[in-house]
Amino acid sequence: GAGVSQSPSNKVTEKGKDVELRCDPISGHTALYWYRQSLGQGLEFLIYFQGNSAPDKSGLPSDRFSAERTGGSVSTLTIQRTQQEDSAVYLCASSNWGRGSSSYEQYFGPGTRLTVT
Amino acid sequence: ELKVEQNPLFLSMQEGKNYTIYCNYSTTSDRLYWYRQDPGKSLESLFVLLSNGAVKQEGRLMASLDTKARLSTLHITAAVHDLSATYFCAVDMGGAQKLVFGQGTRLTINP
């Protein structure tokens, strides 16, 4: 079936603007994760959704970052008042973990490359 | 705080040779992941190791896990050019599959 999809693939924005990044997980996957990949910090966990439970926001770097997941499926990561240090590739992943599943595979989307000018 | 360290960070090798990438982590975890990333691409899952002593093999790649030593290895046998990529290990932070990644090992295999 279809894998994890993300849009847009590239986003260039001016410093101070807000951006929204979208993730469509694999159908039926209950767990959804956002990560960030940057030259300086490597790959970092940002936020985790499991079903309809409250998200685990422990990796969000500042209160300018937020995310929601509607209907247990599509997720949007929002960055307000973007800064140059927000420039990175934002990766979304999904898995079937947590619903009595024995699968621990976590599948990554192609990412959104964000450039803040 | 869980830390994951890979070494080497850069590896250039000749086709046909064998080599090992090491992944050390700082706190107890029973799940370790290996991913491959090609330039400009996303992460491709290679192995998920779920218990002490686990060993998995796919083609020329073999991964193992020693939870007591907090060490995983990715062994490459008779390397071929197509294996050139960056390899990441990642450890499950706290059981919810929130992954903490190593720095990555950039592997270049020369003909």
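The values are calculated or read from the model by the stated rules, or taken from the named source; none is laboratory data. These figures come from a predicted structure and were not determined experimentally. As a convention, Cβ positions derive from the backbone with ideal geometry for all residues, glycine included, and neighbour counts pool all protein chains shown. Accessible surface areas use protein heavy atoms only, side chains included; no ligands, DNA or RNA. Shrake-Rupley method; radii C 1.70, N 1.55, O 1.52, S 1.80 Å.
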**Prompt:** So, of the residues in the stretch B:77-87 that are touching a residue at least 60 places away in the same chain (Cβ under 8 Å) and open to solvent by less than 10 Å² (accessible area, probe 1.4 Å), which turns out to be farthest from the other protein chains (Cβ to nearest Cβ)?
**Reply:** B:Ala79
**Hits in the stretch A:56-74 (condition: under 28 Å from B:Val4 (Cα atoms) and crowded, with 18+ Cβ neighbours inside 10 Å)** = A:Gly59, A:Leu60, A:Phe65, A:Ala67
**Some residue of the stretch B:41-63 being touching a residue at least 24 places away in the same chain (Cβ under 8 Å), under 27 Å from A:Lys57 (Cβ atoms) and touching a strand residue (DSSP E or B) at 6+ places or on another chain (Cβ under 7 Å)** = yes
**Request:** Please specify each residue of the stretch A:27-48 satisfying the condition of being open to solvent by 10 Å² or more (accessible area, probe 1.4 Å) and either among the aromatic types (Phe, Trp, Tyr) or assigned to a strand (DSSP E or B) (or both).
**Result:** A:Arg36, A:Gln37, A:Ser38, A:Gly42, A:Leu43, A:Glu44, A:Phe45, A:Tyr48
**Prompt:** Taking the stretch A:52-66 only, how many residues are over 17 Å from A:Arg22 (Cβ atoms), more than 12 Å from chain B (Cβ to nearest Cβ) and not polar (S, T, N, Q)?
**Reply:** 5
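Take A:Asn52 and tell me if it is open to solvent by 20 Å² or more (accessible area, probe 1.4 Å) and in contact (Cβ under 8 Å) with a residue 24 or more places away in the chain.
No: the conditions fail for A:Asn52.
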**Request:** Of the conditions (1) away from chain A (no Cβ under 11 Å); (2) surrounded by 20 or more Cβ atoms within 10 Å (Cβ to Cβ), B:Leu49 clears all except one; give me its number.
**Result:** (1)
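Restricting to the stretch B:89-111, give me the number of residues that are open to solvent by 20 Å² or more (accessible area, probe 1.4 Å) and either within 11 Å of chain A (Cβ to nearest Cβ) or in contact with a Gly (Cβ under 6 Å, 6 or more places away or on another chain) (or both). Full working, then the answer.
Step one: list which residues in the stretch B:89-111 are open to solvent by 20 Å² or more (accessible area, probe 1.4 Å), which gives B:93-95, B:98, B:100, B:103, B:106, B:108, B:110-111.
Checking the rest, the ones that are also either within 11 Å of chain A (Cβ to nearest Cβ) or in contact with a Gly (Cβ under 6 Å, 6 or more places away or on another chain) (or both) come to B:93-95, B:98, B:100, B:103.
Within the stretch B:89-111, residues that are open to solvent by 20 Å² or more (accessible area, probe 1.4 Å) and either within 11 Å of chain A (Cβ to nearest Cβ) or in contact with a Gly (Cβ under 6 Å, 6 or more places away or on another chain) (or both) number 6.
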**Residue, most open to solvent (accessible area, probe 1.4 Å), within the stretch A:6-26, restricted to residues that are more than 11 Å from the chain's Cα centre (by Cα) and hydroxyl-bearing (Ser, Thr, Tyr)** = A:Ser9
**Message:** Given (1) touching a Gly at 6+ places or on another chain (Cβ under 8 Å); (2) more than 27 Å from A:Arg113 (Cα to Cα), identify the lone condition not met by B:Thr86.
**Reply:** (2)
